[in-house]
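Below is one structure, written out as structure tokens, with a few remarks after it.
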Amino acid sequence: MPRSKPLLTCEQALRQAAAAIGGDSPRLDAELLLARVTGWSRTSFRAWPERELADEAAEHFAVLVSQRANGTPVAHLLGEQGFWSLTLQVNPSTLIPRPDTECLVEAALALPLPGAARVIDLGTGTGAIALALASERPQWQVMACDAVADAAELARRNACALGLPLEVVVSHWFADLPPGRFDLIISNPPYIRRDDHHLQQGDVRFEPSTALVAGDDGLDDLRVIIAESPDWLQPAGWLVVEHGYDQGEAVRQLFAAAGFTAVATRRDYGGQERLTLGCWPERQVGADDAPRPISHRESSDAE
Ligand code: GLN
């Protein structure tokens, strides 16, 4: 039977899709979705733009494009997101890993930690930070927790799919962790203010507020994590947390008030203050009964 309509080429389909999608990265979004539908690589769209799409593929693509145009994150449509060197499964139970969170992984890998360090990622979500660390340091004992059972399950599935060892427990911060001390506590907790207008824009509309929002000033969860970490850290252990671009000063003060030393803030790929770290000081010999060290801020590389 003669066709009434010519088949769409990849380039035509991508142009139409990008126009419908709009936003920050319409062409990239369209290419990722078309690659998923066809099984063809993104480079093939450039090398072979006139390649024709079968009707079925074009229809499936149109469905994904309209979902994307309505705001559904690409990561949710694909069911996966790249983080560090890993491909992680994602779902609406938790945050989609962000590139800036890779800065926490980099910072952690640069710390002076023991060869077989005990590490915990608090509020692990997909398992992103924990699994990136486990992939880089096979001799570390990496643990992760999440208060949301579905997120903990997702982190377990990601660990399994990547063949990386990761112990995942359901715990709201430290509340249900088995007793023990860590050489490194690392976390990307919720830190957005309840009334932040960004919550009505972009991908965050499709992510759970439990993974994003932390009270009126966005610091509720950071306060708990920073205040309780000393009870869970080995002497000379480190705490590394992600925070909002305008929370660096407040977070450094929380670290200092809890007794951390070597407190420093680092910037993200966009040049914004994004993470703060600090060291839980080693006890002085013979000072086992001494009270916690006086808080002070030793250093910061943030301007
Ligand atoms: N950085 C994320 C965003 O602004 C928020 C991550 C978080 O709350 N932990 O979208």
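Here, each number is a calculation from the coordinates, and none is a lab measurement. Keep in mind it's a predicted model, so treat the numbers as computed, not measured. All Cβ positions, glycine included, derive from the backbone under ideal geometry; neighbour counts span all protein chains shown.
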Task: Residues whose placed amide H lies under 5 Å from that of ILE192, excluding near-sequence neighbours - done: VAL213, ALA214
TODO: Would you look at the GNM of the chain, springs on alpha carbons closer than 10 Å, and say which of LEU28, LEU77, LEU275 moves the most?
DONE: LEU28
Open item on the list: Give me the net charge for the shell around ALA159: Cβ to Cβ below 14 angstrom, other residues only, Lys and Arg +1, Asp and Glu -1.
Closed with: -2
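Quick check on segment 130-196: what does the Kirkwood estimate of hydrodynamic radius come out to from the alpha carbon pairs, in Å? Walk me through the numbers before you get to the answer.
Values: mean 1/r = 0.0765 Å⁻¹.
For segment 130-196, the Kirkwood estimate is 13.1 Å.
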TODO: Take every Cα pair under 8 Å in the chain that's 6+ residues apart, average their separations, divide by the length, and report that relative contact order as a whole percent.
DONE: 12
TODO: Provide, as a two-decimal number, the C-alpha radius of gyration of segment 80-202 over 2.2 N^0.38 Å, N being how many residues it has.
DONE: 1.02
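Looking at the chain from every direction and averaging, what is the projected area of its Cα convex hull in nm²?
Details: hull surface 73.4 nm².
Mean orientational projected area (the chain, Cα hull): 18.4 nm².
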Task: For the chain, calculated [θ]222 nm from helices alone, where every DSSP H run of n ≥ 4 adds -39500 (n - 2.57) - done: -10000 deg cm²/dmol
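May I ask for the net charge around HIS76, where only other residues with Cβ less than 13 Å from the Cβ of HIS76 are counted and Lys, Arg are +1 while Asp, Glu are -1? Present the calculation step by step, with values, prior to reporting the outcome.
Working: positive: ARG36, ARG68, ARG205; negative: ASP29, GLU80, ASP203, GLU207.
Computed value for this residue: -1.
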Task: At most 15 other Cβ within 10 Å, DSSP loop - GluC sites (Glu not before Pro), segment 1-77 - done: GLU50
TODO: Grab the Cα-Cα distance for GLN67 and LEU109, subtract it from 0.36 nm times how many residues apart they are, and report the gain in nm with one decimal.
DONE: 11.3 nm
TODO: Which order do the peptides 192-201, 99-108 take when ranked by the mean count of other beta-carbon atoms within 10 Å per residue, highest first?
DONE: 99-108, 192-201
